[in-house]
Amino acid sequence: MNLKEINKELSNKTPEEIVAWAITQAKKPVVTTNFRPYEASILHATTSIKKDIPVIWCDTGYNTNKTYLHAERIIDALQLQIKLYVPQQTSAYRDAVMGIPHIDSPQHKIFTEQVKLEPFRRAMEENKPDVWFTNLRKGQTAFRDTLDIVTQDDNGVLKVSPFFYWTDEELDVYLEEHNLENEFKYFDPTKVLDNRECGLHVS
């Protein structure tokens, strides 16, 4: 598979056209979400092409009430086939013994493993996707700037980001056109600094 040629060909396609192309390559596609800002766009684009696509939600347990309520409304509006993955430890237990470690604390790595990386690995191992839709976009972090619409990870999974070259302003229009709400009260407990890579996309 020539990813350079594929990305060149897809660069002028709409998100829905990109999703449609990727679905033809897939036997077991999934889309991942955490219901952060602008996630409704990738959920709409993927389900408009494949209504029953599995939607993997790795919930850290630290979302705001507004994010949880936003998630419920989007799940209902788009009739999402949610597959929920949560940490093996409750947030109450972790708050008692560890709390939310500072980014420079030796415990931060353990915390990130517990609330984000382990649930994500478990989700991928159980679902074994060959195509993984994400809402990565250029400009979010220095690492993501090195990616493209379609990349392939070490396990051969095609990672497809249909909105990779879209701006916030363009996504605002997309959400408005499709009558989708946005959510800005999202909280990621593993990130203290803006623009820090989350760990799920660095392979």
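The condition of being touching a helix residue (DSSP H, G or I) at 6+ places or on another chain (Cβ under 7 Å) and either within 17 Å of Thr190 (Cα to Cα) or among the small types (Gly, Ala, Ser) (or both) does not hold for Val131. Residues in the range 33-83 that are over 20 Å from Arg137 (Cβ atoms), in a loop (DSSP other than H, G, I, E, B) and among the charged types (D, E, K, R) were compared, and the one that is nearest to the chain's Cα centre (by Cα) is Asp59. Pairing residues of the range 161-181 that are acidic (Asp, Glu) with residues that are open to solvent by less than 70 Å² (accessible area, probe 1.4 Å) and outside any loop (DSSP other than H, G, I, E, B), at Cβ distances under 8 Å and at least 6 apart in sequence or on separate chains, gives Glu181/Ala40; Glu181/His70; Glu181/Ile74; Glu181/Leu175. Total residues in the range 1-31 satisfying the condition of being open to solvent by 20 Å² or more (accessible area, probe 1.4 Å) and either in contact (Cβ under 8 Å) with a residue 60 or more places away in the chain or of a type outside the set (Lys, Arg) (or both): the figure is 19. The single condition from (1) within 22 Å of Val173 (Cα to Cα); (2) in contact (Cβ under 8 Å) with a residue 60 or more places away in the chain; (3) open to solvent by less than 20 Å² (accessible area, probe 1.4 Å) that Thr47 fails is (2). What are the residues in the range 126-144 that are among the basic types (Lys, Arg), open to solvent by less than 30 Å² (accessible area, probe 1.4 Å) and not in a helix (DSSP H, G or I), if any? The one that is among the basic types (Lys, Arg), open to solvent by less than 30 Å² (accessible area, probe 1.4 Å) and not in a helix (DSSP H, G or I): Arg137.
Looking at Leu136, Leu147, which is the one that is within 14 Å of the chain's Cα centre (by Cα), hydrophobic (A, V, I, L, M, F, W, C) and modelled with pLDDT under 95? Within the list Leu136, Leu147, the selection yields Leu136. The conditions of being within 20 Å of Asp172 (Cβ to Cβ), basic (Lys, Arg), open to solvent by 20 Å² or more (accessible area, probe 1.4 Å) and modelled with pLDDT under 95 are not met by Arg73.
If you go through the range 76-125 and pick out every residue that is open to solvent by 60 Å² or more (accessible area, probe 1.4 Å), under 30 Å from Lys50 (Cβ atoms) and either basic (Lys, Arg) or without any contact (Cβ under 8 Å) to a residue 24 or more places away in the chain (or both), you end up with 4.
The values are calculated or read from the model by the stated rules, or taken from the named source; none is laboratory data. Note that the structure is a prediction, hence the values are computed from the model and not measured. Glycine gets a Cβ as well: all are built from the backbone with ideal geometry, and neighbour counts include every protein chain shown. These area figures cover heavy atoms from the full protein model, side chains too; ligands, DNA and RNA do not enter into them. Shrake-Rupley method; radii C 1.70, N 1.55, O 1.52, S 1.80 Å.
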